[in-house]
Amino acid sequence: MSTKKSLTEAEILKMGEKDYMSEAQLEFFKRRLEQLQEELLHNAGQTTEHLRETVVVPDPADRATIEEEHALELRTRDRERKLLKKIQQSLKRIEAGEYGWCEETGEPIGLARLLARPTATLSLEAQERRELRQKLFGD
């Protein structure tokens, strides 16, 4: 285990361009992604346990409420499952030395964007272009 002090978001944002995706920054994002991954896996386990608890409710309205709550929980976990896949892809990008760089342009994605969305693969400009194309052409 490394004894290096971990960086804070504020320290990351103060770093200059020459430090972009340095070893310290990559370690910061790797830890953040692993922590997110751990939380999502914990949530999935909780949902599995919750859904296994069988409650016999004679009242149809109560039963409908419980079923709706389960459906909502499953939709949330489905979104989290998709995020988990993106997290795993981001961790692979760190290992490959590609993390933090736009897949489309090769330019830096930017620290502020990565802090807000650690799984981002496109710079803000490239993402906006993609969304505009999707809006115009519906793909």
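Rule-based calculations on the coordinates, nothing more; no lab input. It should be emphasised that the depicted structure is a prediction, and the values quoted were computed from it without experimental measurement. Cβ placement follows ideal geometry from the backbone for every residue including glycine, while neighbour counts extend to all protein chains displayed.
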> Across the chain, where is the longest run that never hits trypsin sites (Lys or Arg not before Pro) in a DSSP loop with at most 15 other C-beta atoms within 10 Å?
Replying inline: 6-139
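Counting only Cα atoms, I'd like the Rg/Rh figure for segment 17-99, Kirkwood definition for Rh. Walk me through the numbers before you get to the answer.
Details: Rg = 18.9 Å, Rh = 15.3 Å.
Radius of gyration over Kirkwood radius for segment 17-99 works out to 1.24.
Stick to the Cα atoms of the chain, pair each with every other, and give me the Kirkwood hydrodynamic radius in Å at one decimal.
Values: mean 1/r = 0.0560 Å⁻¹.
For the chain, inverting the mean 1/r across all distinct Cα pairs yields 17.8 Å.
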> What's the tally of Lys pairs in the chain whose alpha-carbon atoms lie under 18 angstrom apart, where the two lysines are 8 or more places apart or on different chains?
Replying inline: 7
> For the chain, what is the mean residue ellipticity at 222 nm derived from helices alone (per DSSP H run of n ≥ 4: -39500 (n - 2.57); sum divided by total residues; nearest 500 deg cm²/dmol)?
Replying inline: -23000 deg cm²/dmol
>> I need Ser90, Ser123 ordered by Cβ neighbour count within 10 Å, fewest first.
In response: Ser123, Ser90
>> Whole angstrom only: what separates the Cα centroid of segment 63-139 from the Cα centroid of segment 14-45?
In response: 15
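Beyond 13 Å, how much of the Cα-Cα pair distribution for segment 100-139 remains, as a whole percent?
Values: 378 of 780 pairs.
Counting every Cα pair in segment 100-139, those more than 13 Å apart make up 48 percent.
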> Say R0 is 35 Å: what FRET efficiency, to the nearest 0.05, do Glu95 and Arg75 get from their beta-carbon distance?
Replying inline: 0.65
> Counting alpha carbon pairs within less than 8 Å and at least 6 residues apart, what relative contact order, in whole percent, applies to segment 25-94?
Replying inline: 62
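If you average the sequence gap of Cα pairs under 8 Å that are 6 or more apart and divide by the length of the chain, what percent do you get for the contact order? Mind showing how you got there, number by number?
Details: 83 pairs, mean separation 31.7, N = 139.
Once divided by the residue count of the chain, the mean separation gives 23 percent.
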